[in-house]
Amino acid sequence: MTAEIIDGNEVSKAIREELKSEVERLSGRRVVPGLAAILVGDDPASAIYVNSKAKQCQKLGIYSEVIRKNADISQQDLFDLIDKLNADPKISGILLQSPIPKHLDEFAACLRIDPIKDVDGFHPDNVGRLLIGQPRYISCTPYGVIELLKRYRVEMKGKEVVVVGRSNIVGKPLAAMLMQKWPETNCTVTICHTGTRDIFLHTRCADIVITALGQHEFLHGENIKEGSVVIDVGISRVDDPSVEKGYRIVGDCHFASCVARASKITPVPGGVGPMTIAMLLTNTVKAAKLQNEIS
């Protein structure tokens, strides 16, 4: 068996086209979604990611601000900035790019963001709403995973799903979504993590395996059920002198062995990664509609 490739680039492109039409419709009613990204410090990867979001906003007609602050910013100054954005009617969504310098309290900063502008879905108010099945915004990466499964017509109802990883960003919200009694989910979910005695005991029985552990190529084909669906959220940089760049980007799955055993699989890169920005933009447009009470 050779698995069908779940192409995150193509799906995210389709979503952006759908959003472009929605933004045009909103602009006809004088509503322009706006996203403010706060970048503290000079982390190169964060800068690239934030700039990419800003470019995508521009293409869709979404107002965008990238606010750069020095790494020595005080907690109070960060609070003041967030308060200013909370009160700014041009801004529908606020993104605090992680990581931020260690002297700052990231959780306190998250709490400062108005929940209706928390398009990352990290505020406890939004996390709680998701847990009880009444979400306002869904964390972008888990949202992207569910959207990929839906658009590739992966049957989730009643399926055995193993989520490897329990982070607040991916594992926990994803498990909460999968277990909801929604028409497209309603799964039986097992969460595995570093404390699980035998992760592969669980992955070998799963209809769907979703890895978000951040441990490169730990899952091999022999550790999944034949015909299962594999969603790889992990991303790692591995030294490889045989390639021009000197390194390769890989996921949690050993792709060559898993692609030969699975029925569908996401590649790394090009799988879940592109979906994160697409779902952030989706949340931003939704935020604009909520704040303007437009159905």
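The values are calculated or read from the model by the stated rules, or taken from the named source; none is laboratory data. Just so we're clear, the structure is a prediction, and the values are computed from it rather than from any experiment. As a convention, Cβ positions derive from the backbone with ideal geometry for all residues, glycine included, and neighbour counts pool all protein chains shown. To get the accessible areas, we keep the full protein, side chains included, count just its heavy atoms, and leave off ligands, DNA and RNA. Shrake-Rupley method; radii C 1.70, N 1.55, O 1.52, S 1.80 Å.
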Listed residues GLU155, GLU160; which is under 22 Å from VAL272 (Cα atoms) and touching an Asp or Glu at 6+ places or on another chain (Cβ under 6 Å)? GLU160
Within segment 223-245, is there a residue that is surrounded by fewer than 18 Cβ atoms within 10 Å (Cβ to Cβ) and assigned to a helix (DSSP H, G or I)? no
Can you pull out the residues in segment 207-220 that are outside any loop (DSSP other than H, G, I, E, B) and either touching a His at 6+ places or on another chain (Cβ under 7 Å) or surrounded by fewer than 18 Cβ atoms within 10 Å (Cβ to Cβ) (or both)? LEU219
Taking the residues in segment 112-149 that are closer than 22 Å to ASP43 by Cα and in a helix (DSSP H, G or I) as candidates, determine which candidate is most open to solvent (accessible area, probe 1.4 Å). THR141
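Can you go through ASP80, ASP43, ASP72, ASP105 and tell me which one is at pLDDT below 95 and more than 21 Å from THR282 (Cα to Cα)?
Residue meeting the stated conditions: ASP43.
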